[in-house]
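Nothing in this text is a laboratory measurement; each read-out follows from the coordinates by a stated rule. This one's a predicted model, so the numbers in the text were calculated from it and none came from an experiment. FYI the Cβ positions are ideal-geometry reconstructions off the backbone, even for glycines, and counts take in every protein chain you see.
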2 protein chains.
Amino acid sequence: MTTTTTTPTLVNGVNIDQLIGTINAIKEKPALARFNFRADTKWVNGGHCRTTIQSLYGAGQEDTSRARAFVLEGDEPPVLLGENHGPNAVEAVLHGLASCLSVGFIYNAAAQGIRVEALDFRLEGDIDLHGFLGLSDKVRPGYEGIRLSYRVKSDAPREKIEEPCEYVQRTSPVLDIIRNPVPVAITLEN
Amino acid sequence: MTTTTTTPTLVNGVNIDQLIGTINAIKEKPALARFNFRADTKWVNGGHCRTTIQSLYGAGQEDTSRARAFVLEGDEPPVLLGENHGPNAVEAVLHGLASCLSVGFIYNAAAQGIRVEALDFRLEGDIDLHGFLGLSDKVRPGYEGIRLSYRVKSDAPREKIEEPCEYVQRTSPVLDIIRNPVPVAITLEN
């Protein structure tokens, strides 16, 4: 019996061989790029709800890699009539945005051979609650604007670091979702 | 010694007196409606990052109600080169959306005296990864569309239930963030 062991090429914890393999597979069969993500949310009480996330479809099949569902709590602070069982909805969006930029930056840096030592993001967003509370239809309910600053620690020179920065701004799914309109179809079932 | 105890009027777990008090306070002093939400995210390894959410500003002051920060993990499934340490960024957005509609629906129903027994949401969104992987600039990186269906269990008649449904579609912060453009300012620090 012969066993062959190959050591994966890891940059920033990203398996570069798999990344290149994925890109090549999609170039050959574009339908592999189609993904469907899902979430189920149940109201608990007051401002508190609970979301479970497990299944997804992608790369041509149902993904069964998650043995258990992820559980996310959502709630409001007392000033917004909640009990702090979790971050609120607009805070969850800030997490989604940073999480997306983190993945995009790290994967692209890895593909370019840029080794990242540390990467962190600070985000904030402003909301005028006149919209949410139905007190004005001239005030938008959502963020008026989001400010995000981030720091990268790496031996690579600044101009090399700027490449993945530019890249993620063109390719980040959540940045696109926030900056540009996404159609949302809402159905109330019986 | 005289103690006065008042029982709050709770509908759906929402303190109606506080809700009315908040609305009246904002009508009197509109600046109380200004909120600032924040998040800090650190990359861990590969697709994995960790967000902490604690402080916020609102109702005219820094909010100190959270003794501890909420911690959210973000990661990708193995098919997207991650290790499933948490839901991914676009799944977190689905959670944010449902969480927002849940709060908005429940609060508005409570204000109208509609008692809700159960409320749950099912969400899904489609993404073509050609955008995220930088394989096409004709494919948007984010969701092409999101479908959300929800069920409400309540003694109230269907037409009464439809009122908070309409209301949240006009006033939900996250629905607005997803459906309409939000400016995002990104700064790479030194």
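Using a 7 Å projection from Cα along Cα-to-Cβ, the label point at B:Thr6 is separated from the same position in the remaining copies by 7.2 nm, smallest value first.
Each copy carries B:Ala31; placing its label point 7 Å along the C-beta direction from Cα gives inter-copy distances of 6.1 nm, listed from smallest up. Here the relative contact order of the range B:38-124, from alpha carbon pairs under 8 Å that lie six or more residues apart, stands at 19 percent.
If R0 is taken as 35 Å, the Cβ-Cβ distance between B:Gln18 and A:Arg179 corresponds to a FRET efficiency of 0.50. Between this copy and the others, label points of A:Glu162 are 5.6 nm apart in ascending order, each placed 7 angstrom from Cα in the Cβ direction. Just checking the listed ones, A:Pro77, A:Pro173, A:Pro164: in the Gaussian network model of chain A with Cα springs under 10 Å, the one fluctuating most is A:Pro77.
For the protein assembly as shown, rounded, prolate or oblate, judged on the Cα gyration tensor with a ≥ b ≥ c (square roots of eigenvalues), a/c < 1.5 rounded, else prolate if a/b > b/c? The shape class here is prolate.
Overall, the anisotropy analysis places the range A:65-115 in the oblate class: the square-rooted eigenvalues a ≥ b ≥ c of its C-alpha gyration tensor yield a/c not less than 1.5, with a/b not exceeding b/c. Ranked for footprinting exposure by Cβ neighbours inside 10 Å, fewest first, A:Thr171, B:Thr9, A:Thr52, B:Thr64 give B:Thr64, B:Thr9, A:Thr52, A:Thr171. Residues B:Ile26, A:Ile178, A:Ile20, arranged from fewest to most other Cβ atoms within 10 angstrom of their Cβ, appear as A:Ile20, B:Ile26, A:Ile178. Each part gets one Cα centre, and for the range B:16-44 versus the range A:40-74 those centres are 28 Å apart. Sparsely packed loop sites in the range A:64-126 (the GluC sites (Glu not before Pro) outside DSSP H, G, I, E and B with at most 16 other Cβ atoms within 10 Å) comprise A:Glu83.
The label-point distance for A:Arg151 and A:Arg66, in a model that sets each label 7 Å from Cα toward Cβ, rounds to 3.2 nm. With each label modelled as a point 7 angstrom along the Cα→C-beta vector, the A:Glu144-B:Glu117 pair spans 4.4 nm. Sequence-distant contacts, meaning Cα pairs under 8 Å at least 6 residues apart, place the relative contact order of chain A at 15 percent. FRET efficiency for the A:Glu163 to A:Asp126 pair, using the beta carbon distance and R₀ = 35 Å, is estimated at 0.70.
Spatially close Lys pairs in the protein assembly as shown, defined by Cα atoms under 16 Å apart and a spacing of eight or more places or different chains, total 4. Under the criterion of Cα pairs below 8 Å and six or more residues apart, the relative contact order for the range B:15-69 equals 28 percent.
By other beta-carbon atoms within 10 Å, ranking A:Arg115, B:Arg147 with the fewest at the front produces A:Arg115, B:Arg147.
In terms of the Cα gyration tensor, with a ≥ b ≥ c the square roots of its eigenvalues, is the range A:34-167 rounded because a/c is under 1.5, prolate because a/b exceeds b/c, or oblate? Since a/c reaches 1.5 but b/c is at least a/b, the shape of the range A:34-167 is classed as oblate.
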